[in-house]
Amino acid sequence: EELQAANEELSTVNEELQTRNGDLGHLNNDLLNLIASVHLAIVMVSRDLRIRRFSTMAEKVMHLTPGDVGRSIGDIKLKMLLPNIEEVIHAVIETAVVKELEVRDQAGRSYVVRIRPYKTTDNQIAGAVVVFIDNDPIARSILGIKQLPAFEAVLNIGRPLLVLDEHMRVKTVSRSMYQAFGLTPSSL
């Protein structure tokens, strides 16, 4: 009877494990499909800065291979002009503060790099998630618009207008802004 009870208990535990393994398989498939569908270069690193997982876009953008899983991100020859990536990731892990940088690859393509802490379900920081967002189409569009004579024409008709960059520095000022406030280019 004791053997039969132990056997039934083992069968129950085995069924629970099979159910949990099935659930884990579904969650893993969901994660893989989510990462593949967002079309972002995503790299997950552990606390010791070893690559845990990456998206297919990361393979293209950062020239990673499946063999890079487990390697330190510092050992990877990045195609980005981002020399202190290890220090930045380590700071995010230690402070839990998100960092965002704008970088260029060796071909001159612009990316926004967003580094977030990798948090577990019990809110422990177990590493970082590094996302490379292709900023090049936006940067090229802005550059193209600024080069258009129509941009200057629109800027200089109507109301006073001041264009600032992301650091709140003056980039462009309309003529009506100069006139309305009695400004000169040297006063800005």
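Computed quantities for the displayed model
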{"item": "Filtered residue count, the range 104-116, keeping only those that are open to solvent by 20 Å² or more (accessible area, probe 1.4 Å) and free of Cβ contacts under 8 Å to residues at least 40 places away in the same chain", "result": "8"}
{"item": "Residue that is farthest from Glu86 (Cα to Cα) [pool: residues in the range 117-136 that are open to solvent by 30 Å² or more (accessible area, probe 1.4 Å) and among the acidic types (Asp, Glu)]", "result": "Asp122"}
{"item": "Scan of the range 68-84 for residues that are in a loop (DSSP other than H, G, I, E, B) and either hydrophobic (A, V, I, L, M, F, W, C) or open to solvent by 60 Å² or more (accessible area, probe 1.4 Å) (or both), ordered by number", "result": "Val69, Arg71, Ile76, Lys77, Leu78, Lys79, Leu81, Leu82, Pro83, Asn84"}
{"item": "Asp75, sole failed condition from (1) within 14 Å of Val131 (Cβ to Cβ); (2) out of contact with any strand residue (DSSP E or B) (no Cβ under 6 Å at 6 or more places or on another chain)", "result": "(1)"}
{"item": "Unique match (being part of a helix (DSSP H, G or I), open to solvent by 80 Å² or more (accessible area, probe 1.4 Å) and closer than 29 Å to Asp165 by Cα) among Glu100, Glu87", "result": "Glu87"}
{"item": "Filtered residues of the range 38-67 (kept if in a helix (DSSP H, G or I), within 20 Å of Gln106 (Cβ to Cβ) and open to solvent by 50 Å² or more (accessible area, probe 1.4 Å))", "result": "Met57, Glu59, Lys60"}
{"item": "Options Gly74, Gly67; residue that is at pLDDT 90 or above and either touching a Gly at 6+ places or on another chain (Cβ under 7 Å) or of a type outside the set (A, V, I, L, M, F, W, C) (or both)", "result": "Gly67"}
{"item": "Residue in the range 9-17 that is surrounded by 10 or more Cβ atoms within 10 Å (Cβ to Cβ) and not in a helix (DSSP H, G or I) present", "result": "no"}
{"item": "Given (1) within 25 Å of Arg109 (Cα to Cα); (2) of a type in the set (A, V, I, L, M, F, W, C); (3) part of a helix (DSSP H, G or I); (4) out of contact with any Ser or Thr (no Cβ under 6 Å at 6 or more places or on another chain), number of the condition Ile35 does not satisfy", "result": "(4)"}
{"item": "Residue, nearest to Met44 (Cα to Cα), within the range 87-104, restricted to residues that are under 15 Å from the mean Cα position of the chain (by Cα) and among the acidic types (Asp, Glu)", "result": "Glu100"}
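Here's the yes/no breakdown for (1) open to solvent by less than 100 Å² (accessible area, probe 1.4 Å); (2) among the polar types (S, T, N, Q); (3) under 34 Å from the mean Cα position of the chain (by Cα); (4) modelled with pLDDT under 80:
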{"site": "Ala153", "(1), (2), (3), (4)": "yes, no, no, yes"}
{"site": "Gly158", "(1), (2), (3), (4)": "yes, no, no, yes"}
{"site": "Val163", "(1), (2), (3), (4)": "yes, no, yes, yes"}
{"site": "Met168", "(1), (2), (3), (4)": "no, no, yes, no"}
{"site": "Thr172", "(1), (2), (3), (4)": "yes, yes, yes, yes"}
{"site": "Ser176", "(1), (2), (3), (4)": "yes, yes, no, yes"}
{"site": "Phe181", "(1), (2), (3), (4)": "no, no, no, no"}
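The values are calculated or read from the model by the stated rules, or taken from the named source; none is laboratory data. Keep in mind that this is a model prediction, so the values were computed, not measured. Glycine gets a Cβ as well: all are built from the backbone with ideal geometry, and neighbour counts include every protein chain shown. When the accessible area is computed, the model is the full protein with side chains, heavy atoms only, and any ligands, DNA or RNA have been set aside. Shrake-Rupley method; radii C 1.70, N 1.55, O 1.52, S 1.80 Å.
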